[in-house]
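Undergrad: Can you read through this structure? Questions will come right after.
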Amino acid sequence: MNLTSSSTFIFKRVRGTRGLFGGILAAAVTVSFLALATASCSDSGSTAPQTRPSGPALTATPPSASIGNGTSQTVSITGGQEPYAIIQIPVAGLASAVWTDSAHTPASLTVFGAATVATGSTSVIIRDSSPSVAKSVTIPIIKN
């Protein structure tokens, strides 16, 4: 039974009551029911506003790095708000990542392959300095 049919049913039941008491009771039930229906349909405003990142996304070019023993690859970081920070370093037995030029746009990150026989995958995560919601980019690294 929906809201409209429920109110009609209750109103007809109460309206069947005779005299002054029946009229007052019918009015009270109707007002209460309308107040309840209005309150359940309104927005209570209890949800917090959504914070969205502003400005361009943080990007890495190329989006991933493929390295070998003792080799390196440079990745350019753009977008977001400088300065950038490395918030997750790669697995040490596979690779390392260092800023080679973070003072200019695009910033340059160099990924070095560890001089070990180990192969596998890891990643480095870069974050910007946006004041509201920080942006980040994950750079997958494959060591052959």
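Undergrad: For region 45-86, give me the residue count where each residue is over 25 Å from VAL133 (Cβ atoms) and either surrounded by 11 or more Cβ atoms within 10 Å (Cβ to Cβ) or modelled with pLDDT under 90 (or both).
TA: Of the residues in that region, 10 qualify.
Undergrad: Run SER121 past the list (1) farther than 18 Å from SER76 by Cα; (2) touching a residue at least 60 places away in the same chain (Cβ under 8 Å) and report the number of the one that doesn't hold.
TA: Of (1) farther than 18 Å from SER76 by Cα; (2) touching a residue at least 60 places away in the same chain (Cβ under 8 Å), only one is false for SER121: (2).
Undergrad: Of the conditions (1) of a type in the set (Gly, Ala, Ser); (2) surrounded by 15 or more Cβ atoms within 10 Å (Cβ to Cβ); (3) over 13 Å from ILE67 (Cβ atoms), ALA92 satisfies every one except a single condition; which number is it?
TA: Exception for ALA92: condition (2).
Undergrad: Among the residues of region 71-94, write down those that are among the hydrophobic types (A, V, I, L, M, F, W, C) and outside any loop (DSSP other than H, G, I, E, B).
TA: VAL75, ILE77, ALA85, ILE86, ILE87
Results for (1) surrounded by 15 or more Cβ atoms within 10 Å (Cβ to Cβ); (2) in a loop (DSSP other than H, G, I, E, B); (3) of a type in the set (Lys, Arg), shown as yes or no for each residue.
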| residue | (1), (2), (3) |
| --- | --- |
| SER96 | yes, no, no |
| ALA103 | no, yes, no |
| SER123 | yes, no, no |
| ALA134 | yes, yes, no |
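Undergrad: Same structure, new question: If you take the residues of region 105-121 that are in a loop (DSSP other than H, G, I, E, B) and polar (S, T, N, Q), which of them is farthest from SER66 (Cα to Cα)?
TA: Taking the candidates together, the pick is THR105.
The values are calculated or read from the model by the stated rules, or taken from the named source; none is laboratory data. Treat the numbers as computed from the prediction; the structure is a model and nothing was measured. Ideal geometry is used to build each Cβ from the backbone, glycine not excepted, and the neighbour counts take in all protein chains shown.
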